[in-house]
Amino acid sequence: MVTDPTFYALAIVAVVLMGLAKGGFSGVGAVSMPLLALTISPVKAAAILLPILIVQDVVSVWSFRRTWDRHVLAVMLPGAVVGIVLGYLLAAQVSAVAVLGALGAISIIFAGQRLWVLFAGGVRAAPTSRWIVGVAFGGLAGFTSQIAHAGGPPFQMWVLPRNLPPAAFVGTSAIFFATINWIKVPAYMALGQFTSENLLTAAVLLPVAIASTFAGVWLVRRLQAERFYLVVYVLMILVGLRLVWEATQGLR
């Protein structure tokens, strides 16, 4: 088990952010990996976070099990499976720092555009609503999730313009990521990342993970649709800025 106090100070913040993301504030959890990477290797951080994510998925899926969009899942999950396989095969060649930096930049541009649309007269369906584009975004979400647990931004880029009710958006996100997190398990096992040290560290953080997920569910259910999407877009910009900053530091 990891014993560094600095690690746990950052890990608690990271797990709380992931819990809020699983509870409905999608995107903010993407900061978790960069936070943990400040004290341990990204590979080790990913291995510690995956069991925590799976437990948080249980809370999130159960809480929103009656509100989800079948069409979104049918379109995006096949692409996500392909993306996960590619992420596994290219794990040694792809830099997690570069992936996070690119995701950060794209998230800022996307969320900025959606805020402009929101304040210019309401959220409108985007041309990217075509199913083939959804498959592509699903593949990107699976790939970035396998590499760095950062599949949220690509998922949101295709789903948010559909303007689903908040509960349906969160429920669809919960089922999507619960599914791909389980699909990632064999890949992480094959890479030898589920060591006893990593699993014990994840177990220590589980109480915080569960409590923060319930907190996210409670908060989301009390936000109006317009405020919910406004919060998500602002969070995406903040997360994007953080990811770009982390990537620039890593490249140095």
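Every test in (1) in contact with a Lys or Arg (Cβ under 7 Å, 6 or more places away or on another chain); (2) free of Cβ contacts under 8 Å to residues at least 24 places away in the same chain; (3) polar (S, T, N, Q) is passed by Q113 save one, and that test is (1). Of the residues examined, G171 is not one that is touching a residue at least 12 places away in the same chain (Cβ under 8 Å) and in contact with a helix residue (DSSP H, G or I) (Cβ under 6 Å, 6 or more places away or on another chain). Scanning the stretch 20-59 for residues that are assigned to a helix (DSSP H, G or I), touching a Phe, Trp or Tyr at 6+ places or on another chain (Cβ under 8 Å) and small (G, A, S) yields G23, A46, A47. The condition of being closer than 22 Å to P34 by Cβ and surrounded by fewer than 18 Cβ atoms within 10 Å (Cβ to Cβ) holds for only one of A187, A211, that being A187.
Every number in this text was worked out from the coordinates using simple rules, so none of it is lab data. Worth saying up front: this structure is predicted, and the values here are computed from it rather than measured. Don't worry about glycine lacking a Cβ; one is built from the backbone with ideal geometry, like all the others, and counts go over all protein chains shown.
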